[in-house]
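Visitor: The following block contains the structure, expressed as structure tokens.
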Amino acid sequence: MTSETGLIPAPLTVEYRGDAPGSLTLDERTTIDAGPGTASTARWLRSALGPATGLPLADGTGPHAIRLRIGEEVERRYGPEGYRLTTGTPDTAVVIEGGGPAGVFWGAQTLRQLLGPDAYRKAPVRKDGGRSLPCTTIEDAPRFGWRGLLLDVSRHFTPKDDVLRYLDLLAAHKLNVFHFHLTDDQGWRIEIKRHPRLTEAGSWRSRTKWGHRASPLWTETPHGGFYTQDDIREIVAYAAERHITVVPEIDLPGHSQAAISAYPELGNTDVVDTAALTVWDTWGVNPNTLAPTDAVLRFYEGVFEEVLDLFPSTFVHVGGDECPKDQWKASPAAQARIKELGLADEDELQSWFIRHFDRWLADRGRRLIGWDEILEGGLAEGAAVSSWRGYGGGIAAATAGHDVVMCPEQHVYLDHRQAAGEDEPVPIGFVRTLEDVYRFEPVPPGLPPEAAAHILGTQANVWTEVMENRARVDYQVFPRLAAFAEVAWSALPAPDARDYAGFERRMTAHYRRLDALGVDYRPPSGPHPRQRRPGVIGRPIEGAPPNV
């Protein structure tokens, strides 16, 4: 029945009731009756549906109200993010009952979908647009508690207003984690007051590689930017109103050239002239790593103290990936540190870094999460793993009793090309079509139940090396994020049994929603001419890691 309304992600149950008229229409009499704990959803409904419909949606009760409630029975059946949505009852126009405040909000997102594409516009485009509802009862709840999107703002900076826009797009797809990749070799994007040069010097690069790192092309315009601490507070608060948790990522001990360029003493000064380093202007795995010194630990503790003050999320991501060990192997100081600590090798030295911050974060009531390389040399006791190099790291971590977020590059790296054709702009990595993403299964087959219980959920990752602006990000993310959202939310059968044809039919309505939102998605027929990047080299090598 979801095909009639094009609901994405698909809910658990949809019932069109024969005891009610075929549809109802919101009008000037429509009010919002917000019960305890639902005020944020009421605010959102007015901000989203008010402009689209031209209706005031004032406070009020009665037969024309949109009633928002938190219900114990819904919570028992479906959990705090579950909801029941009923339209066209005799005593009120709409009832959204959630297991908790988040459930009420997700029910409101479904209500907006039921109202049609015009409900996604910022002003009325026709007299009755965005006002008509089918008479239905929908019951729904998410499969996973972690339904995330990573946005890399280091490789190409995303202005604050565009970050807020993406939070709205996540909410529209019932995604609830925004992984904010804030630092890397190509730029440091968060203000740290005790270390001002991180943004004064580390947030700007003089030029940028245009295309894959093998490309001979460059963009000579300086690139950069950063978020002030008030910007971050605004982003976090905006996300919280939409029941989205912002998980910050501060990379260490690799992916750190921007930080080292600002504070050369952070690097391995006995083997590299770190004072000559600048913010990196190309892509790939950077050889410059943090030095394994107490001074570096203290520096990053100071960074994390300010980060924790800005981000209330339980999890803090520390990267831990793609950390070459060549400088440590050549560094007398690093080798002396290995000997002093009684470590076996450089892998254990990286593990020492991670374990230190695992303990440091745990002492402050937080939890460390890192990419699956943090398994190398021994995983810190309380750490969780983002499994990106396929399923292997996640399987190993979950089997050992560690929590896991599944985000394998072969399936949900949205920087990878969407088709094999020559028109795909700057083709990167694996071909992953809309159908490929729809058939992704976050829980590896055959994983024992006790290990599967450690799969917190799943996440799609958006690395922006070849995405120079908002339009390019839109193109790579959509429409595949809609398929991913259904995988993360809905109770789907095994991949081979999924009704992709039905999903495509529902996408017909969803494309019109994306049009109304101004999303510059990839059309099903292929890129528009303006979306192509002819002559810009990518990395179209099937089966090879992208490392861009």
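Only the coordinates and a few stated rules stand behind these numbers; no lab work does. What you are looking at is a predicted structure, and each value in this text was computed from that prediction instead of being measured. Cβ sites come from the backbone with ideal geometry, for glycine too, and all protein chains shown count toward neighbours.
Visitor: Can you give the helix-only mean residue ellipticity at 222 nm for the chain, where every DSSP H stretch with n ≥ 4 adds -39500 (n - 2.57) and the sum goes over all residues, rounded to the nearest 500 deg cm²/dmol? Could you put the intermediate results ahead of the total?
Guide: Numbers: 19 runs with 182 residues, N = 548.
Dividing the helical sum by the residues of the chain leaves -9500 deg cm²/dmol.
Visitor: Positive end of the charge dipole of the chain (Lys, Arg +1 and Asp, Glu -1 on Cβ, about the Cα centre): tell me which of Tyr475, Gln335, Ile250 has its Cα farthest that way.
Guide: Tyr475
Visitor: With an 8 Å Cα cut-off and a minimum separation of 6 or more residues, compute the relative contact order for segment 3-101 in percent. Kindly include the intermediate steps, with their values, before the conclusion.
Guide: Details: 157 pairs, mean separation 26.8, N = 99.
The value is 27 percent.
Visitor: Another question, then. How far apart, in nm, are the 7 Å Cα→Cβ label points at Thr399 and Glu348?
Guide: Label-label distance for Thr399 and Glu348, simple model: 2.3 nm.
Visitor: Moving on. What's the center-to-center distance, using Cα atoms, between segment 233-258 and segment 5-55 in Å?
Guide: Between the Cα centre of segment 233-258 and that of segment 5-55, the gap is 31 Å.
Visitor: Where does each of Cys407, Cys323 land when they are ranked from fewest to most other beta-carbon atoms within 10 angstrom?
Guide: Values: Cys407 25, Cys323 29.
The most exposed by this proxy come first: Cys407, Cys323.
Visitor: Could you give the distance between the Cα centres of segment 391-437 and segment 59-137, to the whole Å?
Guide: When both Cα centres are located, 34 Å separates them.
Visitor: Anything over 32 Å Cα to Cα? Flag those among Lys174/Lys325; Lys193/Lys325; Lys160/Lys329; Lys209/Lys339, in the order listed.
Guide: Result: Lys174/Lys325; Lys160/Lys329; Lys209/Lys339 exceed 32 Å.
Visitor: Further question on the same structure: What percent antiparallel are the DSSP beta bridges of the chain, to the nearest 5? Mind showing how you got there, number by number?
Guide: Working: 23 of 67 bridges.
Close to 35 percent.
Visitor: Let me ask something else. When only Cα pairs under 8 Å and 6 or more residues apart are kept, what is the percent relative contact order across the chain?
Guide: In percent, rounded to a whole number, it is 15.
Visitor: How large is the Kirkwood hydrodynamic radius of segment 2-140, in angstrom, based on all distinct alpha carbon pairs? Don't skip to the end; give the middle numbers.
Guide: Numbers: mean 1/r = 0.0681 Å⁻¹.
Computed over segment 2-140, the radius equals 14.7 Å.
Visitor: Once you place label points 7 Å from the Cα toward the Cβ at Asp162 and Ser23, how far apart are they in nm?
Guide: With each label point 7 Å from Cα toward Cβ, the separation is 3.7 nm.
Visitor: Which of Val385, Val426 has the fewest other C-beta atoms within 10 Å, and how do the rest follow up to the most? Could the numbers behind the result be given before it?
Guide: Details: Val385 27, Val426 24.
Ranked by crowding around the Cβ, least crowded first: Val426, Val385.
Visitor: What does the charge dipole of segment 146-531 about its Cα centre add up to, to the nearest 20 debye, if the Cβ of each Lys and Arg holds +1 and the Cβ of each Asp and Glu holds -1? Provide the component values of the computation, followed by the final result.
Guide: Numbers: 39 positive and 57 negative charges, 173 e Å.
Result for segment 146-531 is approximately 840 debye, rounded to the nearest 20.
Visitor: Under 9 Å from the Cβ of Thr314, count the other residues' Cβ atoms, weight Lys and Arg +1, Asp and Glu -1, and hand me the total. Don't jump to the answer; show the numbers that get you there.
Guide: Numbers: positive: Arg366, Arg367; negative: none.
Surrounding charge for Thr314 is +2.
Visitor: Translational diffusion coefficient, Stokes-Einstein: compute it for segment 146-531 using the Kirkwood radius over C-alpha pairs as Rh, at 20 °C and 1.002 mPa s, and state it as an integer in µm² s⁻¹.
Guide: Details: Rh = 21.4 Å.
Result for D is 100 µm²/s.
Visitor: Would you kindly derive the ³J(HN,Hα) couplings of segment 218-226 from the backbone phi angles with the Karplus curve 6.51 cos²θ - 1.76 cosθ + 1.60 (θ = phi - 60°), listing them in order in whole Hz, with x for Gly and Pro?
Guide: Per-residue couplings from phi come out as 9, 9, 7, 6, x, 10, x, x, 7 Hz.
Visitor: Now for a separate question. Given Cβ point charges of +1 (Lys, Arg) and -1 (Asp, Glu) and nothing else, what value in debye, to the nearest 20, does the dipole of segment 111-175 about its Cα centre take?
Guide: Values: 12 positive and 8 negative charges, 31 e Å.
Approximately 140 debye in magnitude.
Visitor: Can I ask one more? Report, in order of residue number, the helices in the chain meeting two criteria: a C-alpha extent of 30 Å or more along the helix axis, and a mean Kyte-Doolittle hydropathy of at least 0.5; treat each whole DSSP H run as one helix. Let's see the in-between values first.
Guide: Numbers: long enough: none.
In the chain, no H run is both long and hydrophobic enough.
Visitor: Compare the peptides 444-451, 326-333 by average per-residue count of other Cβ atoms within 10 angstrom and give them in order, highest first.
Guide: Numbers: 444-451: 12.4, 326-333: 16.4.
Going from most to least packed, we get 326-333, 444-451.
Visitor: So how compact is segment 323-371: Cα radius of gyration and Dmax in angstrom?
Guide: Cα radius of gyration and Dmax of segment 323-371 are 12.4, 37 Å respectively.
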